Amino acid sequence: MSRARGAVLGLLLAAGCDPTRQQPEGPVDAGASPNAKILPAPLANEEPDLVDASTPEAGVTLVSDDYGRLILSETGQLSPVPLPPAAPLPQDTLSARELSGVTLEAAFRWRDVPQPLKAPEVAADGIRAAQRLTELTWRIDLADTGRMRIAFTSRALPLPAGSELRARNDVYGEVLLWPGLNQYRVLPPGALRTLMAERRVDVTPLSAGSARPVGEGTRLGHTVRKVEINASLGALYLELGKVPEAGEGGPLLCRALLEILGVDPKSPECAAGEVPLAASYAWQGGGGVGFEVTSATRRSDLVSTDLLMPPPSAAYAASGLPSAQGGVFLNRDELAAIRTGPLALPPSGDPGAPGEGFVAVNQSDTLFYLLVDGIPAVAVPPMGERYVVGPSRGLYVVQWRTFLGESIEPPQTVEMPARLVRSSGADAGAPDGR
């Protein structure tokens, strides 16, 4: 390990962990949106500008301030360093106090979601109720001192409801917390994409990307600047709102969204006092996904100890992820409620079909969701299968897709009960025997 890099990691492990350090007076540290559009991905022959996010800037002297945060001595600017991926973090120390910032309600928006059949037995109220239960929502606290907490508030996200991501402006990367805040895992820069896409922690190579302004506008009463960012994986359209109350917390959400694109979090597009209010990804191989903030509330009562990274209750986990409890998002009654009753159909000719409901089989090497009448019903791990009960006998529209929309299969009308297979070949998504 080089002397410079060793100094960086040493300072990181010292940052904020010495309870005997005298604290200075004063505040302690800190469907798709109608405005979204699909942007053309960069040319396949473009070479990305690769960046090593683990290496400090050459020729810069790193020192820490009175809060244990790293700074550039030449400019006085914060110089974040990457979180070490395979080591527990030191105790985070923030005194209990109220902080200013904003709280966002946000949701991922899937594209090309199929609609149910127009038939008398389709229960519109049941469909709407299931859609509400499986909306892909986050609640995000951004403190102006440079802290972020993302709470997973949906049944249907790749990680279970109650999971959290936390970040702070003096490091790159995030901490993942289990529901109940009893365990945490360190996510180094670049790991957020595979976490959200595949329920695993693997670092995506990061590039600098290229950005260009594409206009201005308003959203949720805030003035926004619009920017298009291109990278080797695809393109990202961002609407960055001027929200001064977010302070140094705003760039942390921006960094997270750029990580999903495979762009280095050092990007100058992530600026203090700005918050991403909408995002739209278009992947190089086709497909995409949206992200939309539906409300932004100014706060003066964010509790500093709720933003600790990690909290004292959490034990370090070197591996593993929070349990997704089978990945089935709706119970028997909730799925049964999307129909008024069963259809009088002849017995299924599929020998692999169960007596009721369906078996979802994923023969590919990545996590796939199966939608039923446009509703996320189950997430099936690679080379796995799940048995789901609840749907009455009848005809349904089903679709296989990945969470981030890199793969979106054509919808199919199937008769249930059924065995539904997503294979790795051209017949992906076809029911067995059909």
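Is there a residue being touching a helix residue (DSSP H, G or I) at 6+ places or on another chain (Cβ under 7 Å) and open to solvent by 60 Å² or more (accessible area, probe 1.4 Å) anywhere in region 299-314? Taking every residue of region 299-314 in turn, none turns out to be touching a helix residue (DSSP H, G or I) at 6+ places or on another chain (Cβ under 7 Å) and open to solvent by 60 Å² or more (accessible area, probe 1.4 Å). Every test in (1) in contact with a Ser or Thr (Cβ under 7 Å, 6 or more places away or on another chain); (2) more than 26 Å from Gly262 (Cα to Cα); (3) polar (S, T, N, Q) is passed by Ser364 save one, and that test is (2).
Conditions tested, residue by residue: (1) at pLDDT below 95; (2) part of a loop (DSSP other than H, G, I, E, B); (3) basic (Lys, Arg).
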{"residue": "Arg298", "(1), (2), (3)": "no, no, yes"}
{"residue": "Asp301", "(1), (2), (3)": "no, no, no"}
{"residue": "Gly326", "(1), (2), (3)": "yes, no, no"}
{"residue": "Leu335", "(1), (2), (3)": "no, no, no"}
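Residues in region 171-185 that are assigned to a loop (DSSP other than H, G, I, E, B) and open to solvent by less than 10 Å² (accessible area, probe 1.4 Å): Gly173 alone. Has region 104-117 got at least one residue that is basic (Lys, Arg), more than 22 Å from the chain's Cα centre (by Cα) and within 26 Å of Glu274 (Cβ to Cβ)? No, that holds for no residue.
For region 221-246, the set of residues classified as within 16 Å of Ser280 (Cβ to Cβ) and open to solvent by 40 Å² or more (accessible area, probe 1.4 Å) consists of Arg225, Lys226, Leu233, listed by residue number.
Going by the conditions given, is Pro120 open to solvent by 20 Å² or more (accessible area, probe 1.4 Å) and either assigned to a loop (DSSP other than H, G, I, E, B) or touching a strand residue (DSSP E or B) at 6+ places or on another chain (Cβ under 8 Å) (or both)? Yes, satisfied.
All of (1) in contact with a Gly (Cβ under 6 Å, 6 or more places away or on another chain); (2) outside any strand (DSSP E or B); (3) modelled with pLDDT of 95 or more; (4) open to solvent by 10 Å² or more (accessible area, probe 1.4 Å) hold for Arg193 with one exception: (1). Condition first: assigned to a helix (DSSP H, G or I), closer than 30 Å to Glu245 by Cα and not polar (S, T, N, Q). Can you find one or more residues in region 155-166 that meet it? Looking through region 155-166, none of the residues is assigned to a helix (DSSP H, G or I), closer than 30 Å to Glu245 by Cα and not polar (S, T, N, Q).
Taking the criterion of being open to solvent by 30 Å² or more (accessible area, probe 1.4 Å) and either among the hydroxyl-bearing types (Ser, Thr, Tyr) or in contact with a helix residue (DSSP H, G or I) (Cβ under 6 Å, 6 or more places away or on another chain) (or both), the residues of region 337-365 that qualify are Ala337, Thr340, Ser348. Scanning region 345-353 for residues that are at pLDDT 95 or above, of a type in the set (S, T, N, Q) and touching a strand residue (DSSP E or B) at 6+ places or on another chain (Cβ under 8 Å) turns up nothing.
The values are calculated or read from the model by the stated rules, or taken from the named source; none is laboratory data. Keep in mind that what you see is a predicted model, and the values were worked out from it rather than measured. Virtual Cβ from ideal backbone geometry, glycine too; neighbours counted across all protein chains shown. Keep in mind that these areas ignore ligands, DNA and RNA; they rest on the heavy atoms of the full protein, side chains included. Shrake-Rupley method; radii C 1.70, N 1.55, O 1.52, S 1.80 Å.
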